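Below: one structure, written as structure tokens.
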Amino acid sequence: MPEVTIEFFGIPRQRAGRADLAVRADTVGNALAAVVNACPALADVFLDGKLAPHYRLSINGQRFVSEMGERLESGIRLLLLSADAGG
């Protein structure tokens, strides 16, 4: 199973109590399930099999993703941030 890193920014970082988390996951949905398991304070990030609307998830900082079945490869970095982040 691929190893990917989830980087937390803003509110997700505060709630997770850490900057990142390395997990083994083959899909975006499985990566988010691993986040919820490792960081219970982020239990609301993954609701009903979907990314909660108040979060955004980017693959390698290049594009946002919402498809939970999207396949992941080793070395990918998922950036998790609040949808209301920014200026």
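Nothing in this text is a laboratory measurement; each read-out follows from the coordinates by a stated rule. The structure presented is a predicted model; accordingly, all values stated were derived computationally and were not measured. Neighbour counts run over all protein chains shown; Cβ positions are idealised from the backbone, glycine included.
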Worksheet, complete the sentence: segment 28-46 scanned against label point 7 Å out from Met1 along Cα→C-beta; backbone N under 13 Å for 28-38
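With 21 Å as the cut-off, how large is the P(r) tail for the chain, expressed as percent of Cα-Cα pairs?
Details: 604 of 3741 pairs.
It works out to 16 percent of all Cα pairs.
Report the charge-dipole magnitude of the chain in Debye, nearest 20, computed about the Cα centre from +1 at each Lys and Arg Cβ and -1 at each Asp and Glu Cβ.
That gives the chain a dipole magnitude of about 160 debye.
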Worksheet item: Quick one: length gained pulling Glu73 to Thr27 fully straight, 0.36 nm per residue minus the C-alpha distance?
Response: 15.7 nm
Discussion item. Can you find, among Gly17, Leu32, Leu57, the residue sitting farthest towards the positive end of the charge dipole of segment 1-69, where Lys and Arg contribute +1 and Asp and Glu -1 at Cβ?
Written reply: Gly17
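Based on DSSP H runs of at least 4 residues, each adding -39500 (n - 2.57), what is the mean residue ellipticity at 222 nm of the chain after dividing by all its residues, to the nearest 500 deg cm²/dmol? Each step should come with its number before you reach the end.
Values: 2 runs with 17 residues, N = 87.
Roughly -5500 deg cm²/dmol at 222 nm, from the helical runs in the chain.
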Discussion item. Looking at the chain as a GNM with Cα springs under 10 Å, which of Val35, Val23, Val65 has the largest mean-square fluctuation?
Written reply: Val65
